[in-house]
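So the structure is just underneath, and the comments pick up after that.
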Amino acid sequence: MAVQQRRGSKTRKNKRRTHYKIAGPTLTRCPNCGEYKVAHKMCSCGEYNGRQVVEK
């Protein structure tokens, strides 16, 4: 089994981790008002899953 012989530098570690990126949230359009919203969350107009959940 391979065992590290010397400490790897911070630069080498960071080069290896260049592809570890955070992805932005998936946004969908509200069918009622057309505003972008996060999936599986209530829209600012009060609609969720085709139903009016909160009165404005």
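Can you confirm whether Glu55 is free of Cβ contacts under 8 Å to residues at least 12 places away in the same chain, out of contact with any Pro (no Cβ under 8 Å at 6 or more places or on another chain) and surrounded by 10 or more Cβ atoms within 10 Å (Cβ to Cβ)? Reasoning before the result, please.
Numbers: free of Cβ contacts under 8 Å to residues at least 12 places away in the same chain: yes; out of contact with any Pro (no Cβ under 8 Å at 6 or more places or on another chain): yes; surrounded by 10 or more Cβ atoms within 10 Å (Cβ to Cβ): no.
For Glu55, the condition - free of Cβ contacts under 8 Å to residues at least 12 places away in the same chain, out of contact with any Pro (no Cβ under 8 Å at 6 or more places or on another chain) and surrounded by 10 or more Cβ atoms within 10 Å (Cβ to Cβ) - is not met.
Six or more apart or on different chains, Cβ atoms under 9 Å: show the pairs whose first residue is in the stretch 1-26 and outside any helix (DSSP H, G or I) and whose second is surrounded by 10 or more Cβ atoms within 10 Å (Cβ to Cβ).
What qualifies is Gly8/Arg16; Pro25/Val38; Thr26/Val38.
Filter the stretch 27-39 down to the residues that are out of contact with any Ser or Thr (no Cβ under 9 Å at 6 or more places or on another chain) and either among the small types (Gly, Ala, Ser) or in a loop (DSSP other than H, G, I, E, B) (or both), then identify the one that is surrounded by the most Cβ atoms within 10 Å (Cβ to Cβ). Outline the logic, then answer.
Looking only at the stretch 27-39, we keep the residues that are out of contact with any Ser or Thr (no Cβ under 9 Å at 6 or more places or on another chain), and these are 27-29, 31-32, 34.
Going one step further and asking which of them are either among the small types (Gly, Ala, Ser) or in a loop (DSSP other than H, G, I, E, B) (or both), we end up with 31-32, 34.
On the way: Pro31: 9, Asn32: 13, Gly34: 9.
Across the stretch 27-39, the extreme among qualifying residues is Asn32.
Based on what the data block shows, is Gly50 without any contact (Cβ under 8 Å) to a residue 60 or more places away in the chain, out of contact with any helix residue (DSSP H, G or I) (no Cβ under 7 Å at 6 or more places or on another chain), loosely packed, with under 10 Cβ neighbours inside 10 Å and small (Gly, Ala, Ser)? Explain how you work it out, then say what you get.
Working: without any contact (Cβ under 8 Å) to a residue 60 or more places away in the chain: yes; out of contact with any helix residue (DSSP H, G or I) (no Cβ under 7 Å at 6 or more places or on another chain): yes; loosely packed, with under 10 Cβ neighbours inside 10 Å: yes; small (Gly, Ala, Ser): yes.
Considered against the rule, which asks whether it is without any contact (Cβ under 8 Å) to a residue 60 or more places away in the chain, out of contact with any helix residue (DSSP H, G or I) (no Cβ under 7 Å at 6 or more places or on another chain), loosely packed, with under 10 Cβ neighbours inside 10 Å and small (Gly, Ala, Ser), Gly50 comes out as yes.
Tell me which residues, restricted to the stretch 30-41, are farther than 15 Å from Gln52 by Cα and in contact with a strand residue (DSSP E or B) (Cβ under 6 Å, 6 or more places away or on another chain).
Passing the criteria: Tyr36, Ala39.
Filtering the stretch 27-43 down to residues that are free of Cβ contacts under 8 Å to residues at least 12 places away in the same chain and at negative phi, which residue is farthest from the chain's Cα centre (by Cα)?
Residues of the stretch 27-43 free of Cβ contacts under 8 Å to residues at least 12 places away in the same chain: 28-29, 34-37, 40-41.
Next, only the ones that are at negative phi stay: 28-29, 35-37, 41.
Values: Thr28: 13, Arg29: 16, Glu35: 18, Tyr36: 14, Lys37: 12, Lys41: 14 Å.
Ranking the qualifying residues of the stretch 27-43, first place goes to Glu35.
All of the numbers you see were taken from the coordinates with simple rules; none came from a lab. Just so we're clear, the structure is a prediction, and the values are computed from it rather than from any experiment. All Cβ positions, even for glycine, are placed from backbone atoms using ideal geometry, and neighbour counts span all protein chains on display.
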